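Student: Dumping the structure here so I can ask a few things about it.
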Amino acid sequence: MSTSAKWAGHLAAGSAYMIFGFNIIVCKALTASPLISAQGLFTIRAFFAAAGFWLLSLFLPRERMTWRDLLQTALASFVGLYLPQMTFLVAIGMTTPVDTSIVTATTPIFTMFIAAVVLKEPLTWKKMGGVALSFAGIVMLILNSVHVTGSAVTVSRPLGIALMIANCFFFASYLGAFRPLIARYSVVTFMKWMFTCSLLMALPGSAKELLHLPYAELSGAYLRELAYLVVCATLMAYFLIPVGQKILRPTVVSMYSYLQPLIASAMGIWLGMDTVSWQKILAATAVFTGVVLVNRSRAREFPAPDAEPAAAQPGKTS
């Protein structure tokens, strides 16, 4: 694989997780409002994302997905979209920012072991050491940062912590298990079916709520936050994640989740709510050193991601 392709994968994964980092703040505000439930928020995300990717597909060469792969995509949608987003939207209102950041930092650990079991990714000392070093750096950064929040949550509830751990496990399972499926199709084709399946899962439980929602009562600030959730944290981020998955190993993609607390810390320093210290510099150095170690560890070879897409054949669905 060319160096430029690898850099494109790193840029895609890094950009997606930067968007997710800001999304933690946005989701905290949205879930604090009783206007729309977690199920309703997810349904809105799935509807607009499905519509957006189907619209994009009209301007691209037609690509068909086999029925077998469509069933696998439905499973990927359940594991990688529905379960992670539902558990996150419920848990974010029951956990403090510090606990949320620490728990979500376990995603690369889960991903590393799941990829080793499912995809037979080599579990090397360099890879395990890199993940451990970055995890230690993130915990050090979080514990040495000032966290200011407008949330009423001052102590995390056990259910919130459990749901956040479940969120990490589900998304790690998606990153670690479905790379071969993603590699067979274009990002737009894969994501249009991912969000279509998620919409069908969520709609029965939220259709009544959304039909009777008092849309006139939604404030401008709430609508702007909702727009960020739909456009940036859904359409853009979930377009970029599969791009990274096609090129990078699952553990490397998940390591970019460590950008989220780094962004939070940088914002705190920029806004004057936190200060630069040797502990933060050491923590950030540990995080990036760990990412480099994982990226340079021995990997299993997969088919090139730029192979020809699946051709239109009988027994396939567009």
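Student: Filter segment 1-42 for residues that are among the hydroxyl-bearing types (Ser, Thr, Tyr), out of contact with any Gly (no Cβ under 8 Å at 6 or more places or on another chain) and assigned to a helix (DSSP H, G or I) and give the result.
Tutor: Result: Thr3, Ser4, Ser15, Tyr17.
Student: Also, I was wondering about something else. If you take the residues in segment 53-78 that are assigned to a helix (DSSP H, G or I) and aromatic (Phe, Trp, Tyr), which one is surrounded by the fewest Cβ atoms within 10 Å (Cβ to Cβ)?
Tutor: Of everything passing the filter in segment 53-78, Trp67 is surrounded by the fewest Cβ atoms within 10 Å (Cβ to Cβ).
Student: Restricting the first residue to segment 1-26 and requiring it to be under 17 Å from Val187 (Cβ atoms), which pairs with a second residue that is outside any helix (DSSP H, G or I) meet a Cβ separation below 6 Å and a spacing of at least six or different chains?
Tutor: Gly9/Leu248
Student: Which residues, taken from segment 66-82, are closer than 16 Å to Phe47 by Cα and either modelled with pLDDT of 95 or more or of a type in the set (Lys, Arg) (or both)?
Tutor: Scanning segment 66-82 gives Ala74, Ser77, Phe78.
Student: Further, regarding this structure: Which residue is surrounded by the most Cβ atoms within 10 Å (Cβ to Cβ), if the candidates are limited to segment 79-111 and must be part of a loop (DSSP other than H, G, I, E, B) and aliphatic (A, V, I, L, M)?
Tutor: Among those that are part of a loop (DSSP other than H, G, I, E, B) and aliphatic (A, V, I, L, M), it is Ile92.
For (1) at pLDDT 80 or above; (2) surrounded by 14 or more Cβ atoms within 10 Å (Cβ to Cβ), each residue gets a yes or a no:
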site: Leu248; (1), (2): yes, yes
site: Val253; (1), (2): yes, yes
site: Ala283; (1), (2): no, yes
site: Arg298; (1), (2): no, no
site: Pro314; (1), (2): no, no
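Student: Can I ask one more? Sort out which residues of segment 168-221 are charged (D, E, K, R) and either within 26 Å of Leu58 (Cβ to Cβ) or in contact (Cβ under 8 Å) with a residue 12 or more places away in the chain (or both), and write them in order of number.
Tutor: Correct list: Arg179, Arg184, Lys192, Glu209, Glu217.
The values are calculated or read from the model by the stated rules, or taken from the named source; none is laboratory data. This structure is a prediction, so every number in the text was calculated from the model and none was measured. Glycine gets a Cβ as well: all are built from the backbone with ideal geometry, and neighbour counts include every protein chain shown.
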